[in-house]
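What follows is a short report on a single structure.
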Amino acid sequence: MTSEQHTGSGPAGAAAVRLIFEYEGPDIRLVSRQRVDAAPPPTDDLSETTGPAGSDATDERPGVKGFWVELRDARQQPLYRRVMHPPVRYDAEVFSDDPDRSLARVPVDEPKGAFAVLVPELADADHVALVSSPLAPGPTVAPAAEVARFALREDEDEADAANDADETEEPDEGGH
Amino acid sequence: MGTGDGAVVGTTKIVDNGPANARWNLVIMGDGYRSTELGQFATNAQSFVNTLFATAPFTALRAAINVYRVDVRSNDSGADDPTACGGTGAAPNTYFDAAFCNNGTRRLLTVNSSTALAVAGQQVPGWHMILVIVNSTVYGGSGGPSVAVFSLAPNANEIGLHEMGHSAFGLADEYEYYLGCGVDTNRNVHPAVEPAEPNVTIDANHATNKWRDLVAPATAMPTTKNANCSVCDPQPNPVGAATVGAFEGAHYYHCAAFRPQYNCRMRVLGQPFCAVCQRRIRQTLLPRLPVGEVSTVARSSGHMDVFWVRNDGKVWSNWWDQTTGMGWHDHNSFPIAGSFPSPAAHDTGIATVARNPGHMDAFWAGLDGKIWSTWWDQATGMGWFDHNPFPIGRDFPVPAAPGTGIATVARNSNHMDVFWTGTDGQVWSNWWDLNQGMGWYDHGMFPIAASFPVPAAPGTGITVVARNPNHMDVFWAGADGKIWSTWWDLTNGMGWYNHNPFPIATTFPVPATPGTGITVVARNPNHMDVFWAGTDGKIWSTWWDLTNGMGWYNHNPFPIATTFPVPATPGTGITVVARNPNHMDVFWAGADGKIWSTWWDQTTGMGWYDHGAFSI
Ligand SMILES: [Zn+2]
C-alpha cells in the first residue's frame, strides 16, 4: 500500500548497549561494552520478582532456576529482564543420526567461551546484573541468584561494586 | 592459525526488510571457504534462509527479519577433523578455526566464538544472532550462547534452527535425558525448582501451569505420566500431535518435568517447534514487524481509508480519494489520535466501520489487554484529534488475547457490535447504540456463548456478518484447527446463549493455520462464504445456503484454487469483496510478501478452478 507503511520503524533513535563476556569455568569477565543502534528483545515479565516485603532485594526469583540478564535502577528495581538458555555450562549439545534421539548432552570439563547480551539503554538504568543458578558441573538444583553486576557506562565503574566478576575493559571499546 | 588464516571480504544484506535498528538481524558467516568457494557459501547461506522461512513461526514473521551474509575467506578449505575422533586428520588453516572433535566428540564442531562476535560487531553492529556455516560435509555443529555452528551435512540446517531456539529465544531443551536414554543414572526426577525458560516446567496443574492459556479445558493435565522414572517414557503419543498439555519427561529428566507437546524441535531435530516455543519466538519478533494488520474501509465508492498499527504503539491512517490531487501520495499518513493512553499492541487486529459516509469508528487492542476505539466524524470539531481514544468497556473481566483479531459490524447506522478473543479462549463482545442508556459503559461485555467446546486459537482472526439487521454470524478458528461459528438473532429464543458454537464442517481436510485471518461475505441474505488459510499454505473456503441440502454439513471445505504458486503467509489477513451477488474477489498475503488474489463468478467457466491464483 503506501510507502510509509514499509518504513515503519521502532521508536526513533533506538539505543541499546551490547555487553560481551568471556568465561572460563565460573569466572565471567566483561570484555566489551558498546552502545549500538539496535532493538533489544522485549522484556520478560517483571512482576514475577518477589523480593522480601519492603526491602529492595530483588535480585532473585525464589524457586526459579536458570539464567537471565537484568537491568535495574539505583533502587534495585528491575527495568528489563531477559531469560536466556544458560550460557555458561559444563556441557555441550551433540547431534546424532538417530531420528528419535537426535540431541543429547556431553559433559565438558573446562567451560570456556564468549557470549553477548543486548539490553535497552534506559534513562533510569543503573546497572546490569547476570542472575544464574550455581555455575558448577552436574545437575543444578539451586535457584538463581546474582552472579555478576556491571555498570552500564564506563565512567560509573569506580562507584559500582562489581560482585564476583573480575571486570576488565578493552580500553578503546565503546567510543564515548 | 585464526584470523591470520584469511580475511573478512565483505557483507551483503541478502534479506532486506528495513533498517537494522528496526528489525531482528541474523548474521550468517562461513568458515573453511577459500575465496574461490565464496559462491558456494552464498548458496549455502541462502539454503539456510530458505529453510528458516519455510519454518513456523518464522514464515509469518519474515518481514521482521533482516539477514546479512558476511563473506569470510580462509586460506584452506574445510575444518580440522582430528584422527583422535576417527576423523581424517585434516587440519586446514581457517579464519574461525573450525574444528570437529571438541571435547573428544567428533560431531562437536566449534569455532572461535570471540572472533565470530568481533566480526559480527564490526560488520553488523545491530546483530541478534550469529550462525557460522562450516564448509564440510561431515555432520556436526554446536550451540554457543551467541554463536551457532553447523556443517553442510544433509539436515545440518536443523542444528541451526534448534540452536537459534536456545541462543536467540532463550528456549530450553525439552528432551527427557541428558547423555542418552538408557545411559543416564542421575536423571530420574527433576529437582523441585521451576526452570525460568518458557517451554519446560515442573508444574502440570491446569490452573497454574505457565502455558495454561494454550491448554484446552478437556486436555488431561498432566497429559502423559512416566510409569518408570528410571528410564525414558516409552509410551507413544496418546493425543493429537498438536495437543498442548503437560508431557512428563523434559529438561534432561525422566520425571517431574514437563514439556508442552509430545514433540518439538527443542526435543527432536526435524520436528516443528511446539506451540509454546512458537509463541516465545513470535513474542520476540513481533515488535520488529513493520506494521500490524491493515484494515480498510470504503466510505463511498470513490474513497478508501486504510488503518494499521506501527511499532510506535499508535494507529495510523492514510486515505485515497478518486478526486484528482487526493491520491495516496498527495498527503502523508498520520496517527489517528493526538495521544494513546495505552499503546496499541503490535500484533493487534484492527477493525473499522463506516456507519455512514461521514463517520468512521476504529477498534484495536491495547498493550493493557483492553479493546480501544476512537472515531472520526465530518462534522466540525469531531475530527480524529478532537477527542482521545477510550476503552470500549468499563471493565474487562478477561484481557484480550495477544494478537487477537477484532471484528465489528454496524447492523444499522446507530448500532455497533464488536468481537474479539480473550485470554480465556472465549470470544467476547460489547455493543454500542445511539439510544439513551445504551452506550459502551451502560452494560457489561460478555462471552458470546454459554460454553466454548474448544478454545479459540491464539491470535485467530475473527469475522462477523449481519445478513440482515437482526441477525449476526461470527466465525473464528478454534485451537483444534477447525473454523467455529455461532450466531445471534433478535427473534426470541435465538440469542447467544440459546445454542452452542459449532465447527462449520464435519471434517477439515487440513487444519486452519495458527493465527489465520478469516473473512466472511454474505452475497445475499441467505448465503455466506467463509475463507481462511490452511496449514498447507492454501486458502480454504466453505459456504452455507438457506436452501435445503446446502447447509454447512452437506459439503466439505475446499481450497479455492487448484494450485497456489506461493504458499499463503501463515497469519495472513484475508479479504473478500463481493462486487455483486454473483462475483467474489479474494485477497491474501503470500510468503513472497506479495498480495495474491483469485476470484469466482457464477458464470459457467469462471469458477474457482477455471483459472489460477495470481499476485497483484
Ligand atoms: Zn538444545
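Here are the numbers:
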quantity: Residue check, B:Glu158 among the charged types (D, E, K, R), under 22 Å from B:Pro57 (Cα atoms) and open to solvent by less than 10 Å² (accessible area, probe 1.4 Å); calculated: no
quantity: Residues of the range A:97-109 classified as under 21 Å from B:Asn186 (Cβ atoms) and more than 13 Å from the ligand (Cβ to nearest atom), total; calculated: 3
quantity: Only one of B:Asp529, B:Asp536, B:Asp545 that is within 24 Å of B:Gly349 (Cα to Cα), open to solvent by 20 Å² or more (accessible area, probe 1.4 Å) and charged (D, E, K, R); calculated: B:Asp536
quantity: Which listed residue, of B:Ala220, B:Ala216, B:Ala242, B:Ala207, is open to solvent by 10 Å² or more (accessible area, probe 1.4 Å), away from the ligand (no atom under 16 Å from the Cβ), modelled with pLDDT of 95 or more and outside any helix (DSSP H, G or I); calculated: B:Ala220
quantity: Residue in the range B:84-100 that is away from the ligand (no atom under 16 Å from the Cβ) and within 12 Å of another protein chain (Cβ to nearest Cβ) present; calculated: yes
quantity: Selection count, the range B:25-78, where residues are hydrophobic (A, V, I, L, M, F, W, C) and either under 16 Å from B:Ala148 (Cα atoms) or at pLDDT 95 or above (or both); calculated: 14
quantity: All positions within the range B:151-172 that are part of a loop (DSSP other than H, G, I, E, B) and more than 7 Å from chain A (Cβ to nearest Cβ); calculated: B:Ser151, B:Leu152, B:Ala153, B:Pro154, B:Asn155, B:Ala168, B:Phe169
quantity: Cβ-Cβ under 9 Å pairs, at least 6 apart or on other chains, the range B:6-21 side closer than 20 Å to B:Arg288 by Cβ and modelled with pLDDT of 95 or more, far side exposed (fewer than 14 other Cβ atoms within 10 Å of the Cβ) and of a type outside the set (Asp, Glu); calculated: none
quantity: Residue tally, condition of a type in the set (Ser, Thr, Tyr), in a loop (DSSP other than H, G, I, E, B) and touching a residue at least 12 places away in the same chain (Cβ under 8 Å), over the range B:73-95; calculated: 3
quantity: Top-ranked residue of the range A:100-117 - restricted to ones that are more than 7 Å from chain B (Cβ to nearest Cβ) and either open to solvent by 20 Å² or more (accessible area, probe 1.4 Å) or of a type outside the set (Val, Ile, Thr) (or both), ranked as nearest to B:Gly121 (Cα to Cα); calculated: A:Lys112
quantity: Subset of the range B:43-60 [open to solvent by 10 Å² or more (accessible area, probe 1.4 Å) and assigned to a helix (DSSP H, G or I)]; calculated: B:Thr43, B:Asn44, B:Gln46, B:Ser47, B:Asn50, B:Thr51, B:Phe53, B:Thr59, B:Ala60
quantity: Filter result for B:Trp428 (closer than 30 Å to B:Asn209 by Cα and open to solvent by less than 30 Å² (accessible area, probe 1.4 Å)); calculated: yes
quantity: Output for the range B:548-568, where each listed residue is open to solvent by less than 20 Å² (accessible area, probe 1.4 Å) and farther than 16 Å from B:Gly612 by Cβ; calculated: B:Gly551, B:Pro557
quantity: Yes/no for A:Thr43 being at negative phi, among the polar types (S, T, N, Q) and at pLDDT below 80; calculated: no
quantity: Matching residues, the range B:416-468, being part of a strand (DSSP E or B) and acidic (Asp, Glu); calculated: B:Asp417, B:Asp433
quantity: Strands (runs of 3 or more DSSP E) contained entirely in the range B:246-337, each with at least 2 residues that are modelled with pLDDT of 90 or more and closer than 20 Å to B:Pro234 by Cβ; calculated: B:247-250, B:253-259
quantity: Residue count for the range B:338-369, restricted to those that are surrounded by 19 or more Cβ atoms within 10 Å (Cβ to Cβ) and not in a strand (DSSP E or B); calculated: 6
quantity: Yes/no for B:Val132 being buried (at least 24 other Cβ atoms within 10 Å of the Cβ) and away from the ligand (no atom under 16 Å from the Cβ); calculated: yes
quantity: Of all residues making up the range B:386-408, the number that are in contact (Cβ under 8 Å) with a residue 60 or more places away in the chain and open to solvent by 20 Å² or more (accessible area, probe 1.4 Å); calculated: 1
quantity: Check on B:Thr137, crowded, with 24+ Cβ neighbours inside 10 Å, more than 11 Å from every other protein chain (Cβ to nearest Cβ) and part of a loop (DSSP other than H, G, I, E, B); calculated: no
quantity: Given (1) within 16 Å of the ligand (Cβ to nearest atom); (2) touching a Phe, Trp or Tyr at 6+ places or on another chain (Cβ under 6 Å); (3) of a type in the set (Ser, Thr, Tyr), index of the condition B:Thr201 fails; calculated: (1)
quantity: Hey, B:Asn102 assigned by TED's automatic domain parsing to the domain that holds B:Thr12 and within 20 Å of B:Glu37 (Cα to Cα) or not; calculated: no
quantity: Test result for A:Ala136, more than 26 Å from B:Arg23 (Cα to Cα), in a loop (DSSP other than H, G, I, E, B) and more than 12 Å from chain B (Cβ to nearest Cβ); calculated: yes
quantity: Scope the range B:179-203; condition open to solvent by 50 Å² or more (accessible area, probe 1.4 Å), more than 8 Å from every other protein chain (Cβ to nearest Cβ) and part of a loop (DSSP other than H, G, I, E, B); matching residues; calculated: B:Gly182, B:Val183, B:Thr185, B:Asn188, B:Ala192, B:Ile202
quantity: Extreme residue, modelled with the highest pLDDT, among residues of the range B:597-616 that are open to solvent by less than 20 Å² (accessible area, probe 1.4 Å) and part of a strand (DSSP E or B); calculated: B:Thr598
quantity: Test: B:Gly126 is open to solvent by less than 10 Å² (accessible area, probe 1.4 Å), assigned to a loop (DSSP other than H, G, I, E, B) and more than 15 Å from the ligand (Cβ to nearest atom); calculated: yes
quantity: Residues satisfying the stated conditions in the range B:135-189, i.e. among the hydrophobic types (A, V, I, L, M, F, W, C), under 22 Å from A:Pro87 (Cβ atoms) and away from the ligand (no atom under 12 Å from the Cβ); calculated: B:Val147, B:Val149, B:Phe150, B:Ala168, B:Leu179
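The values are calculated or read from the model by the stated rules, or taken from the named source; none is laboratory data. Here the structure is a predicted model, which means the values were calculated and not measured. Glycine also receives a Cβ, built like all others from the backbone with ideal geometry; neighbour counts cover every protein chain displayed. These area figures cover heavy atoms from the full protein model, side chains too; ligands, DNA and RNA do not enter into them. Shrake-Rupley method; radii C 1.70, N 1.55, O 1.52, S 1.80 Å.
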